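*Asks:* Quick one: the structure is below, and I'll ask about it shortly.
Bear in mind these aren't lab numbers, they're just calculated from the coordinates by the rules spelled out. Please read these numbers as outputs of a predicted model, since none were measured by experiment. Virtual Cβ from ideal backbone geometry, glycine too; neighbours counted across all protein chains shown.
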Amino acid sequence: MSGARRLVPSGDATRCVGAGQCVLTAPEVFDQDDDGTVVVLAEEVDESYRALLAEAAYLCPASAISFAEHG
Amino acid sequence: MNEDNDTSALPELPMTRECPYHPPAGYEQLRAIGPVTRVRQFDGRPVWAVTGHLETRELLSSPHMSVNRFHPNFPMPIPALTQLQSPRTPAIGALIRTDPPEHTRQRRDILPSFTLKKIAVLKPRIEQIVEDRLDAILAKGPTVDLVEEYTKPAVAMVLSQLLGVPFADREYFEDLTYRRFDPAQVVDALSDLTDYLAQLLRAKETEPGDGLLDDLVGKVLAGELDRDELVKYALVLVIAGQETTANTIALSVLTLLEHPDQLALLLDDPSLWPNAVEELLRFLAITGGLSRVATADITIGDLTIRDGDGLIFLNPGANRDEAQFDRPNELDVRRTVRNHLTFGFGIHQCIGQNLARVELEVALRRLFARIPALALAAPMEQIPMRQGLVFGLAELPVTW
C-alpha cells in the first residue's frame, strides 16, 4: 500500500432523519434506502473527498454523518 | 430565567417586518445584545430568543430540546396561536409537536414518501401543474394577482398530488386548505379538513390511488398504524408545507423584481436557479419562530439555559448572522449557502424540504422563462403584507 490516506465514511441510520443533505452533497458516497434513511455506498474514498465528507457531516441536522481515516 | 422577575424592560416578541424581504429590524438588535438573549412574550412571560447561527445549530441539535406544547413554559411566538390550542384541533399534535421516541416512529412512517427518489418522480407532475397555471395566467393577463392565480393554487395542487387526493375531490380539498389561511376560519377549516381526510382514508381502503396516503393506508390495514394518526400526518403536512411554500414563492418573485441585477443573472444563466433557490431560502426565511422548551440545564457560550426554560428560535435572524455569512443582508444568487436555517435544524428539520426546493425552483424558473417581462403592477410599498407565524404577501399584483 502506498502512503495515501483513505477516508472511511459512515452514516448512522438510527440517528438519520432523512433530510437528504448527505446525498445532495456527496451522491457517490451516500444514498437513501427505500425507508428514507442513509446508506453508505463507498466503503472508503480517497483524500479528495475530505471536504465533501466534512460538508455532509456539517449539514446533517441529526449528526448522523461522520468519517474516520486510515493511511 | 428561573427567577420570575419583572420582564417589562425586555424587548418584546413578536416583532414585525418593515420590509417584506428583510427580517424585523429588531432581530439584529437582539443579536447585538447576544446570540441567545432574554425577551418577553406578548403575554409577559420571559423566554430566550436565539438569533445566532452557531447557537441555533447547537441548541436545535440538543437532545434536551422538547416540542411539548403542553409544558407550562412552552413559548407562544404569536397571539393567534392560542386559538389553535382549541380542543377542536388536536390533530396538529403529530410530528412537529412530538418528542422521541414518538417522533422517531412518526417520522419513520412518513420518510419513505419524501426520499429524493420519490421527489424526483413527482417533479414532472409539478412541472405540468406549473405549466398549466402559467397557461391560465397568460390567458387571463396582462395583469393578475400572482398569489391568487399562481402560487396558492399551484402549491395546493402539488399537495393534492402528493397526498393522493382524487381528482373529483380536489376543488373541495384545495378550498378547505385556502380557508385555513383566514384567521377567522382557521379552526373550522382544520376541523373540516380532519373530517374530510378521515373519510378519504376510509375510501382509500377499498379504492387505492398512488399518493402518500395510499402508501400509508397499507400500514393502517396491516394494523401497524392507527387511522387517526394517519389523519394527523396528512394535516401536519398541509399545515407545514402549504403556506410556507406558497408564500416563499410569491416573496421570491417580489424580491427578484426588486433586485433586477440578480434576476438578470438568472435569466442569462438558468442553471443558476438551484443555487438561487438556496440563497432565496436563506434571505427570505419567513417563519416567525420555532418554539422549544429545555428538558435539562444546557450550557451555551457563557450562558446556562435552565431545565424548563422556553426558547424561540428566530431563524430569519440567524440567517443574517454576520459571524457566519459575508454581507448577510445582500441577496447574492451566486453564493453557496446550503447551511441556512430556513428548514430548521436537528431532528425536526423540515421533512418536506426537498419537495419545497423543487417547487420553488420549478415555479420561479418557469414563471420568469415564460413571462420575462414580468413587473410589479403596484409599488412595493403598496403590496399588503401578512405578519404572523408564517410571513407572507396578502397579494402580489403583477403585469407584463
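*Asks:* So for segment A:6-63, what percent of the C-alpha to C-alpha distances run longer than 18 Å?
*Replies:* 21 percent
*Asks:* Another one. Using alpha carbon centroids, what distance separates segment B:192-244 and segment B:108-152, in Å?
*Replies:* 21 Å
*Asks:* Mind computing the radius of gyration and Dmax over the alpha-carbon atoms of segment B:25-399? Å is fine for both.
*Replies:* Looking at segment B:25-399, its Cα Rg and Dmax stand at 20.6, 60 Å.
*Asks:* How large are Rg and Dmax for the protein assembly as shown when only the alpha carbon atoms are used, in Å?
*Replies:* Values for the protein assembly as shown (Cα only, Rg and Dmax): 22.2, 71 Å.
*Asks:* Let me ask something additional. Work through the residues other than B:Asp269 whose Cβ is under 15 Å from its Cβ and net out their charges, Lys, Arg +1 and Asp, Glu -1.
*Replies:* With Lys, Arg at +1 and Asp, Glu at -1, the neighbours total -2.
*Asks:* Also: Between helix A:50-59 and chain A, what is the angle of the helix's C-alpha long axis to the longest principal axis, kept within 0 to 90° and rounded to the nearest 10?
*Replies:* The answer is roughly 20 degrees.
*Asks:* Looking only at B:Gly218, B:Gly289, B:Gly26, which one moves most when chain B is put into a Gaussian network model with springs between Cα atoms under 10 Å?
*Replies:* Largest GNM mean-square fluctuation: B:Gly218.
*Asks:* Could you work out, residue by residue across A:8-17, how many beta carbons of other chains sit within 10 Å of that residue's beta carbon, and then give the average as an integer?
*Replies:* 2
*Asks:* In peptide B:109-119, how many Cβ atoms from other protein chains are near each Cβ within 10 Å, on average?
*Replies:* Counting other chains' Cβ atoms within 10 Å and averaging over B:109-119 gives 5.
*Asks:* Which residue, B:Phe74, B:Phe325, B:Phe167, has the most motion in a Gaussian network model of chain B that connects Cα atoms within less than 10 Å?
*Replies:* B:Phe167
*Asks:* Treating the Cα atoms of segment B:291-400 as identical point scatterers in vacuum, please give the log10 of the normalised Debye intensity I(q)/I(0) at q = 0.10, 0.11, 0.12, 0.20 Å⁻¹, two decimals.
*Replies:* These q points yield log10 I(q)/I(0) values of -0.48, -0.58, -0.68, -1.42.
*Asks:* Now for a separate question. With all pairs of different alpha carbon atoms counted, what Kirkwood hydrodynamic radius in Å does segment B:159-270 show?
*Replies:* Answer for segment B:159-270: a Kirkwood hydrodynamic radius of 15.9 Å.
*Asks:* Could you give me the percent of Cα pairs per 5 Å distance bin for segment B:99-224, shortest bin first, beginning at zero and ending with the bin that holds the maximum distance?
*Replies:* All Cα pairs considered, the percentages come to 2, 9, 15, 18, 19, 18, 10, 4, 2, 1, 0.
*Asks:* From the Cα gyration tensor of segment B:213-369, with a ≥ b ≥ c the square roots of its eigenvalues, which class applies: rounded if a/c is under 1.5, or else prolate if a/b is larger than b/c, or else oblate?
*Replies:* Cα axes put segment B:213-369 in the oblate bin.
*Asks:* Hand me the GluC sites (Glu not before Pro) from segment A:30-62 located in a DSSP loop with no more than 16 other Cβ atoms within 10 Å, in residue order please.
*Replies:* Counting only loop positions with at most 16 other Cβ atoms within 10 Å, the GluC sites (Glu not before Pro) in segment A:30-62 are A:Glu43, A:Glu44.
*Asks:* Add +1 for every Lys or Arg and -1 for every Asp or Glu among the other residues with Cβ under 11 Å from the Cβ of B:Ala49, and state the total.
*Replies:* Counting the neighbours of B:Ala49, the net charge comes to +1.
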